[in-house]
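Chemist: One structure, as structure tokens, below. Some questions next.
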Amino acid sequence: MKMYLISDNIDTQIGMRLVGIDGCVAHDRQTIDMEIKKAVSNPDIGILIFTEKAAAMVKDYLDNLKLTVHKPLIIEIPDRHGSRDIAESINRMVQEAIGLKL
């Protein structure tokens, strides 16, 4: 099982490449969409990693994908600018998925 990174900056991509994770740098929604489709259709990719800024560009698409596909696992990581409120993001996903507000 391989991991693949979709990043909005070269620094994160270089860091991940140093630990053996391939990826790409994408600065617009169209490129990110294309990379997601490539990654989802590749059976070798088990984990799809996004920087927070890249994930924010395709938030609705990713939320839908997280609920509909079993593979790859989609995760967001903080980039060099720090982390946003991940607890709020998890609460929102749970609320949308099962209708409960935590």
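Chemist: Could you pull out every residue, at least 5 positions away or on a different chain, whose amide H is within less than 5 Å of the one on Ile74? Hs are placed 1.01 Å off N in the peptide plane, and Pro or chain starts have none.
Modeler: Leu48
Chemist: Same structure, new question: Note the full-extension length gain between Leu65 and Ile47 as 0.36 nm times their separation in residues minus their Cα-Cα distance, in nm to one decimal.
Modeler: 5.2 nm
Chemist: Add -39500 (n - 2.57) for each DSSP H run of 4 or more in the chain, then divide by its residues: what number comes out at 222 nm, to the nearest 500 deg cm²/dmol?
Modeler: Taking each H run of at least 4 residues, the total per residue is -15000 deg cm²/dmol.
Chemist: Can you tell me the relative contact order of the chain? Whole percent, Cα pairs under 8 Å, sequence separation 6 or more.
Modeler: It rounds to 26 percent for the chain.
Chemist: Please give the per residue accessible area of the chain, computed with a probe of 1.4 Å over protein heavy atoms only, in Å².
Modeler: Per-residue accessible area for the chain comes out at 63 Å².
Chemist: Next question. Apply the Karplus parameterisation 6.51 cos²θ - 1.76 cosθ + 1.60, with θ equal to phi minus 60°, to every residue of segment 5-11 and state each ³J(HN,Hα) to the nearest whole Hz, in sequence, with x for glycine and proline.
Modeler: After applying 6.51 cos²θ - 1.76 cosθ + 1.60, I find 10, 10, 10, 9, 9, 5, 4 Hz.
Chemist: First compute the accessible area of the chain with a 1.4 Å probe, then give the percent of it belonging to carbon and sulfur atoms.
Modeler: 57
Chemist: Still on this structure: In sequence order, what are the phi-derived ³J(HN,Hα) couplings for segment 56-62 according to the Karplus relation 6.51 cos²θ - 1.76 cosθ + 1.60 with θ = phi - 60°, rounded to whole Hz, with x for glycine and proline?
Modeler: 5, 5, 10, 3, 4, 4, 5
Chemist: Here is a further query. Could you work out how far apart the two model spin labels at Arg17 and Thr31 are, taking each label as a point 7 Å from the Cα in the direction of the beta carbon, and quote it in nm?
Modeler: For Arg17 paired with Thr31, the spin-label model returns 1.4 nm.
Chemist: Consider the candidate values (1) 13.6; (2) 15.3; (3) 14.0; state which one is Kirkwood radius over Cα pairs in Å computed from the structure displayed.
Modeler: The calculated read-out lines up with (3).
The values are calculated or read from the model by the stated rules, or taken from the named source; none is laboratory data. Model, not experiment: these values are computed from the prediction. Using ideal geometry, Cβ is built from the backbone for each residue, glycine included, and neighbour counts are taken over all protein chains shown. Please note that ligands, DNA and RNA were not included when accessible areas were found on the heavy atoms of the full protein model with its side chains. Shrake-Rupley method; radii C 1.70, N 1.55, O 1.52, S 1.80 Å.
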